[in-house]
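The values are calculated or read from the model by the stated rules, or taken from the named source; none is laboratory data. It should be emphasised that the depicted structure is a prediction, and the values quoted were computed from it without experimental measurement. Please note: Cβ atoms are built from the backbone with ideal geometry, for glycine as well, and neighbour counts cover all protein chains shown. Just so you know, the surface numbers come from the protein's heavy atoms only, side chains and all, with ligands and any DNA or RNA stripped out. Shrake-Rupley method; radii C 1.70, N 1.55, O 1.52, S 1.80 Å.
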Amino acid sequence: MSGNDYDDLRDRLKELSSEERAALLKDVEAENELPIIGWSSNPEAVKAAFKYVEEQGTVTFEDLRQHLHDEEHIEAEQGSYNFGIIDTEREVFFKTDGDREAGTEITLNPCGKEYAEIFDESDYLRPIEKTLLIGMQPYGSGLRFLGILEENREDGILRENLQEQMVEEYEGSGKYFTGYYGSWYSKLGLVDKERVGRKVKYKPAFPSAW
């Protein structure tokens with residue numbers, strides 16, 4: 001950047017209020033932030049949320065809860081907005097004007113609009129959507145979950161034994177992670193589940209290293 005360009009940019013920034021400068025900085029930093037969904041164990045609910053907000057433009061938490069509940073993507077009664085998906089702090093995909101309250105308004109930010117365009121109106125997940133959703137939750141605990149499955153690729157692993165290993169590594173959160181990723185990854189086709197008597201065995205449905 002030349003000296004003249006720098007001086008011009010500085011002068012233009014000075015014309016903005018402190019609030020406007022802070023908002024601009026937040027937007028610029030967000031462009032370099034890895035797009036990660038807050039949390040959700042149901043990828044179909046994530047897809048439905050993106051499409052609903054895209055179609056409506058602006059919705060409230062109650063609007064979104066009602067829509068996802070009616071479509072049977074979540075089980076959340078009126079007044080309960082802890083169903084994930086919308087991050088009111090980082091706002092990687094969605095912008096909100098408040099906390100998790102009924103009247104808080106939700107819109108898509110530029111990054112969210114790009115993702116929403118990839119999802120279609122169908123009630124199932126297309127291959128491209130599954131690949132996109134897999135990349136939206138690159139959490140270390142999730143990769144460890146898949147790693148344990150890879151270590152037991154040939155025979156699979158009982159859910160209780162998988163949970164035991166997750167608890168050993170993540171303590172109290174390990175039990176939650178087991179159920180969370182078991183649901184998320186199975187819906188995305190990375191995990192197969194089979195009944196072994198009254199127990200459930202997990203097997204990897206993803207290819208091994210080549």
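Under a plain spin-label model, where a point goes 7 Å from the Cα along Cα-to-Cβ, how far apart in nm are Y124 and E194?
The answer from the label model is 2.3 nm.
Could you give the dipole magnitude of region 89-159 about its Cα centre, charging the beta-carbon of Lys and Arg +1 and that of Asp and Glu -1, in debye to the nearest 20? All intermediate terms of the calculation are to be shown ahead of the outcome.
Values: 9 positive and 16 negative charges, 50 e Å.
It comes to approximately 240 debye.
Hey, got a sec? Which chymotrypsin sites (Phe, Trp or Tyr not before Pro) in region 121-159 land in a DSSP loop and have at most 11 other Cβ atoms within 10 Å? Intermediate values should be presented prior to the final figure.
Values: sites: Y124, Y139, F145; in loops: Y124, Y139.
For chymotrypsin sites (Phe, Trp or Tyr not before Pro) across region 121-159 that sit outside H, G, I, E and B with at most 11 neighbouring Cβ atoms in 10 Å, the list reads Y124.
Kindly provide the helix-only [θ] at 222 nm of the chain, computed as the sum of -39,500 (n - 2.57) over DSSP H runs of four or more divided by all residues, to the nearest 500 deg cm²/dmol? Don't jump to the answer; show the numbers that get you there.
Numbers: 9 runs with 105 residues, N = 210.
It comes out at -15500 deg cm²/dmol, rounded to the nearest 500.
Using Cα atoms only, what is the angle between the long axis of helix 18-30 and the major principal axis of the chain, expressed in degrees (0 to 90) to the nearest 10?
Taking Cα atoms only, the helix is inclined about 40 degrees.
Given a Förster radius of 45 Å and the C-beta distance between F206 and S80 as r, what FRET efficiency does 1/(1 + (r/R0)^6) yield to the nearest 0.05? Mind showing how you got there, number by number?
Values: r = 34 Å, r/R0 = 0.75.
Result of the calculation: an efficiency of 0.85.
Output ³J(HN,Hα) for region 85-91: one whole-Hz value per residue in order, computed from phi by the Karplus curve 6.51 cos²θ - 1.76 cosθ + 1.60 with θ = phi - 60°, and x for Gly and Pro.
Coupling constants for region 85-91: 6, 8, 9, 7, 9, 7, 6 Hz.
E19 to E117: FRET efficiency via 1/(1 + (r/R0)^6), r the Cβ-Cβ distance, R0 35 Å, to the nearest 0.05? Spell out each step's value before the answer.
Values: r = 30 Å, r/R0 = 0.87.
After rounding to 0.05, the efficiency reads 0.70.
Calculate, in nm to one decimal, what D99 and D70 gain on full extension: separation in residues at 0.36 nm each, minus their alpha carbon distance. Don't skip to the answer; put the middle values down first.
Numbers: separation 29, 0.36 × 29 = 10.44 nm, distance 2.27 nm.
Between D99 and D70, full extension yields an extra 8.2 nm.
Rounded to the nearest 20 debye, what is the charge dipole size of region 93-210 about its Cα centre when +1 sits on each Lys and Arg Cβ and -1 on each Asp and Glu Cβ? Walk me through the numbers before you get to the answer.
Working: 16 positive and 21 negative charges, 97 e Å.
Computed charge dipole of region 93-210: roughly 460 debye.
Cα to Cα, under 15 Å, and not fewer than 8 places away if on the same chain: which aspartates and glutamates meet these conditions relative to K201?
E150, E151, E154, D155, E160, E164, D192
Counting Lys and Arg as +1 and Asp and Glu as -1, each charge on the Cβ, what is the dipole of the chain about the Cα centre in debye, to the nearest 20? Mind dumping the intermediate values first?
Details: 25 positive and 45 negative charges, 223 e Å.
Dipole size: approximately 1060 debye.
Considering the dipole of region 118-210 built from charges on the beta carbon (Lys and Arg +1, Asp and Glu -1) around the Cα centre, which of V200, L188, T131 is farthest to its positive end?
V200
Tell me the per residue accessible area of region 34-192 using a 1.4 Å probe; a whole number in Å² is fine. Before the final figure, lay out the partial values.
Working: 7960 Å² over 159 residues.
Dividing the accessible area of region 34-192 by its residue count gives 50 Å².
All other residues with a Cβ under 11 Å from the Cβ of V59 taken together, and with Lys, Arg as +1 and Asp, Glu as -1, what is their net charge?
-4
Using DSSP to call loops (not H, G, I, E or B), can you name the GluC sites (Glu not before Pro) in region 120-167 whose Cβ has at most 14 other Cβ atoms within 10 angstrom? Numbers along the way, then the final one.
Working: sites: E121, E129, E150, E151, E154, E160, E164; in loops: E121, E154.
Filter output for region 120-167: E121, E154.
Taking amide H positions as placed 1.01 Å from N in the peptide plane, with prolines and chain starts having none, which residues 5 or more places from F94, or on another chain, fall under 5 Å of its amide H?
Amide H neighbours of F94: D87, N109.
Each residue of region 56-72 in order: what ³J(HN,Hα) in whole Hz does its phi give by Karplus 6.51 cos²θ - 1.76 cosθ + 1.60, θ = phi - 60°, with x for Gly and Pro?
The phi angles translate into 7, x, 9, 9, 9, 4, 5, 4, 5, 4, 4, 5, 5, 5, 4, 7, 6 Hz.
Leaving ligands and nucleic acids out of the surface, order W39, W184 by accessible area at 1.4 Å, largest first.
Details: W39 105, W184 0 Å².
Largest accessible area first, the residues go W39, W184.
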